[in-house]
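Beneath this line is the structure, given in C-alpha cells, with notes to follow.
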C-alpha cells in the first residue's frame, strides 16, 4: 500500500504543477482533462478529499471559473502534502 500511495502522491504532485499551468493559461479543456485523470487515481486508493477537490476543479473549469479552480488547487496541494506524510508513516 505504501508503494501505491507514494506513486499516487508523486503523480498527483506532477498533475498539480500541470493544472497550475492550465489554470493560468485559462485552458478549460486542459484543466478538465488533468483533473479528471487525477480524480480517478485518487478515488481508486481512497484519497477522497483529494478526489473531491479534483472534481471541483473539473466542474469549475467547465464553467470557466478559473479563480475557483485556483483556490481548489491550493487546497489540493495541501492534501498532497498530507498524503505524502501518510505514505511516510506506512514505512
Inset, instruction - For residue 63, indicate whether it is in contact with a helix residue (DSSP H, G or I) (Cβ under 9 Å, 6 or more places away or on another chain) and surrounded by 13 or more Cβ atoms within 10 Å (Cβ to Cβ). - result: no
Legend entry - Residue match in region 9-20 (condition: assigned to a loop (DSSP other than H, G, I, E, B), surrounded by fewer than 19 Cβ atoms within 10 Å (Cβ to Cβ) and on the phi < 0 side of the Ramachandran plot): no
Legend entry - Scope region 21-58; condition surrounded by 15 or more Cβ atoms within 10 Å (Cβ to Cβ) and outside any helix (DSSP H, G or I); matching residues: 27, 45, 47
Legend entry - Odd one out for residue 64, checked against (1) assigned to a helix (DSSP H, G or I); (2) closer than 16 Å to residue 33 by Cβ: (1)
Inset, instruction - Please specify each residue of region 49-69 satisfying the condition of being over 11 Å from the mean Cα position of the chain (by Cα) and without any contact (Cβ under 8 Å) to a residue 40 or more places away in the chain. - result: 59, 60, 61, 62, 63, 64, 65, 67, 68
Inset, instruction - Please identify the pairs in which a residue from region 1-22 that is modelled with pLDDT of 95 or more has its Cβ atom under 6 Å from the Cβ atom of a residue that is not in a helix (DSSP H, G or I), counting only partners at least 6 apart or on another chain. - result: none
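The values are calculated or read from the model by the stated rules, or taken from the named source; none is laboratory data. Only a predicted model underlies this, so the values are computations on that prediction, with no experimental measurement involved. Every residue, glycine among them, receives a Cβ derived from its backbone with ideal geometry; neighbour counts consider all protein chains shown.
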